[in-house]
Amino acid sequence: MAFLRAYGDASRQLEYDPRNPLARVDCHDWTDVCAKENVTMFPTLRIYRNGEKLRNYKGMLDTQNVVNTVKLLNHTDMTDLRSVTDIETFLLGKVPGGMEIASDSMVLGLFEPHHKKEMDVFRKIGKEMEDRIMFGINKNGQGSSLAKDKFDVTLPAVIVIRRTDHVSPHTVYMGDFNSAQLGEFINHARIPKMPELTVKMFPDLYRQKKPFLIAFLDSQDISQEVKATLSSIVKTGQVTEVIFCWIRAVGDDFGTKILKKYNSEGSTPAISLVNLDLGDVFNYDQLTFGSEELINWLQGSLRGKSSPNTILPNGDWKPLKEGYNFLAMMDWESKNKQKANNVPDDLVATEEHGIGFDEDGNEVKRSEDGKDDMSSTRLKNAFEEDQVRHELLALKKSRLYHHSGGRRKMHEEEGSDQVKVTEDHVKVTDDNVKVMEGQDTPRHGQENHEEL
């Protein structure tokens with residue numbers, strides 16, 4: 001439900017795309033469709049091309065990342081750069097023809113016509129990563145002089161360009177042309193060298209399995225000087241064992257809360273070296289932030305010449321609320337097939353209306369004594385009234401959730417005894433809808449899937 005909001009926003013951004021690239025299937029209604037496609041976790045965002053499964057989307061579940069992925073996949077082939085002008089346009093963040101490139105990073109491959117093996121490897125990696133980053137290729141050697149003058153490299157060459165990285169805007173590949181090595185290089189090189197540490201950026205940084213050097217900064221001049229000093233260290237390439245990044249820490253925001261966990265003084269600017277796997281935190285405690293002092297402190301901390309200032313506690317990332325045991329529900333159903341009339345009321349209500357609703361479809365409220373009005377204690381603690389829950393309930397009632405008409409149908413295999421009720425068999429009264437008795441109803445078959 002939370003992702004549905006972002007997905008709906010993405011669909012609005014892409015509503016003028018004539019291909020109508022986004023669709024939604026509710027697996028509660030279309031169980032056979034989801035089973036056939038082997039959908040086993042929710043939400044699943046699956047990418048299809050020409051009716052065939054391409055891959056599952058594995059990016060961040062937010063609006064802009066979904067939109068960017070769709071735009072990148074609109075290019076079914078790697079961008080062919082046939083001239084120096086095309087290459088220069090690509091470096092400016094546009095494909096020949098003027099369309100803006102959706103990704104913040106691009107990969108440029110420059111080859112001579114006889115570099116067939118190297119081009120094959122480059123194309124293979126480009127196909128594997130086409131939903132994350134834009135690839136451009138020059139195959140006729142036209143980029144030779146540009147590669148020498150701009151990047152100081154000879155052909156064949158692969159360059160990763162980071163448009164938003166003002167510290168180190170590009171990295172040149174220096175390894176052998178094999179798929180594993182080149183793919184790993186591009187995955188790491190597409191990330192800015194000293195980015196702001198955000199929720200979206202953290203997974204890509206953490207995958208590198210290096211300690212974090214985090215600068216906690218505010219808007220004061222001294223913070224900007226610290227940031228400039230760290231940027232100069234990154235540019236020299238003297239320290240490659242750590243990930244350089246920074247966090248905004250102003251007032252009582254989240255960055256300040258993290259800083260106080262690492263350093264009880266909590267004043268900015270501050271620098272911490274954090275090994276998240278071991279839980280070790282080293283705090284820079286000198287009064288000046290010179291380049292030489294910072295490098296000496298950093299190397300000493302990495303070499304074990306000083307003890308950690310803080311040890312982060314061990315712990316598990318557990319859900320904030322108790323989960324609902326759907327497998328136990330299914331086991332109960334299988335053991336009580338002959339006792340359908342004795343199904344517990346809360347089980348019927350959950351299957352019909354969802355967790356948190358009674359048998360009439362009304363949301364369960366807490367009584368004045370603080371207890372839930374539900375009969376079963378199995379669902380206790382599942383209905384805390386917090387802001388997130390209210391937003392999701394509002395979303396469920398919105399047009400995003402019900403844009404397909406809100407109808408719910410059973411879907412069985414061909415030959416099922418399930419019947420389909422048409423408008424001719426329904427009588428509408430002031431208070432309810434009834435099926436007219438004595439009418440023959442057609443069998444419900446696979447033709448109902450045409451609605452999808």
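Could you give me the residue pairs with C-beta distances under 9 Å whose first residue belongs to the range 202-215 and is free of Cβ contacts under 8 Å to residues at least 60 places away in the same chain and under 16 Å from VAL281 (Cα atoms), whose second residue is assigned to a helix (DSSP H, G or I) and open to solvent by less than 40 Å² (accessible area, probe 1.4 Å) wherever it lies, and which are 6+ apart or on separate chains?
Short answer, once both residue conditions are applied: ALA215/SER223; ALA215/VAL226; ALA215/LEU230.
Which residue out of GLY51, GLY97, GLY109, GLY8 is out of contact with any helix residue (DSSP H, G or I) (no Cβ under 8 Å at 6 or more places or on another chain) and within 30 Å of THR154 (Cα to Cα)?
Testing whether each residue is out of contact with any helix residue (DSSP H, G or I) (no Cβ under 8 Å at 6 or more places or on another chain) and within 30 Å of THR154 (Cα to Cα) leaves just GLY97.
Condition check ((1) modelled with pLDDT under 95; (2) more than 24 Å from ASP204 (Cβ to Cβ)) across all residues:
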position	(1), (2)
GLU118	no, yes
VAL121	no, no
MET129	yes, no
ILE133	yes, no
LYS139	no, yes
THR164	yes, no
VAL167	yes, no
TYR173	no, no
SER179	yes, no
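Being open to solvent by 50 Å² or more (accessible area, probe 1.4 Å), of a type in the set (S, T, N, Q) and either touching a Pro at 6+ places or on another chain (Cβ under 9 Å) or assigned to a loop (DSSP other than H, G, I, E, B) (or both) is the requirement here; does THR40 meet it? Even if it seems obvious, please write down each step before you answer.
Details: open to solvent by 50 Å² or more (accessible area, probe 1.4 Å): yes; of a type in the set (S, T, N, Q): yes; either touching a Pro at 6+ places or on another chain (Cβ under 9 Å) or assigned to a loop (DSSP other than H, G, I, E, B) (or both): yes.
Against the criterion (open to solvent by 50 Å² or more (accessible area, probe 1.4 Å), of a type in the set (S, T, N, Q) and either touching a Pro at 6+ places or on another chain (Cβ under 9 Å) or assigned to a loop (DSSP other than H, G, I, E, B) (or both)), THR40 qualifies.
Among the candidates ILE186, ILE222, which residue alone is open to solvent by 30 Å² or more (accessible area, probe 1.4 Å), part of a helix (DSSP H, G or I) and of a type outside the set (S, T, N, Q)? Write out each step before concluding.
Details: ILE186 fails: open to solvent by 30 Å² or more (accessible area, probe 1.4 Å).
Result of the check over ILE186, ILE222: ILE222.
Cβ-Cβ distance below 7 Å, separation of 6 or more or different chains: which pairs start in the range 132-145 with a residue that is farther than 23 Å from ARG163 by Cβ and open to solvent by 10 Å² or more (accessible area, probe 1.4 Å) and end on one that is modelled with pLDDT of 95 or more and among the aliphatic types (A, V, I, L, M)?
LYS139/MET119; GLY141/LEU155; SER144/LEU155
Could you tell me which numbered condition THR154 fails, if it satisfies all but one of (1) outside any loop (DSSP other than H, G, I, E, B); (2) open to solvent by 20 Å² or more (accessible area, probe 1.4 Å)?
Among (1) outside any loop (DSSP other than H, G, I, E, B); (2) open to solvent by 20 Å² or more (accessible area, probe 1.4 Å), THR154 violates only (1).
Does LEU312 qualify as being at pLDDT 95 or above and surrounded by 12 or more Cβ atoms within 10 Å (Cβ to Cβ)?
Numbers: at pLDDT 95 or above: no; surrounded by 12 or more Cβ atoms within 10 Å (Cβ to Cβ): yes.
So LEU312 fails the test.
Would you mention how many residues in the range 83-131 are assigned to a helix (DSSP H, G or I), more than 23 Å from ALA180 (Cβ to Cβ) and touching a residue at least 40 places away in the same chain (Cβ under 8 Å)?
6
I'd like the full set of residues that are outside any helix (DSSP H, G or I) and either among the aliphatic types (A, V, I, L, M) or free of Cβ contacts under 8 Å to residues at least 12 places away in the same chain (or both), limited to the range 54-73.
Filtering the range 54-73 down to residues outside any helix (DSSP H, G or I) leaves 54-62.
Once the filter is applied, which keeps residues that are outside any helix (DSSP H, G or I) and either among the aliphatic types (A, V, I, L, M) or free of Cβ contacts under 8 Å to residues at least 12 places away in the same chain (or both), the range 54-73 yields LEU54, LYS58, MET60, LEU61.
The values are calculated or read from the model by the stated rules, or taken from the named source; none is laboratory data. These numbers come from a predicted model, not from an experiment. So basically every Cβ, Gly included, is an ideal-geometry build from the backbone, and we count neighbours across all protein chains shown. The accessibility values were calculated without ligands, DNA or RNA, using every heavy atom of the protein model including side chains. Shrake-Rupley method; radii C 1.70, N 1.55, O 1.52, S 1.80 Å.
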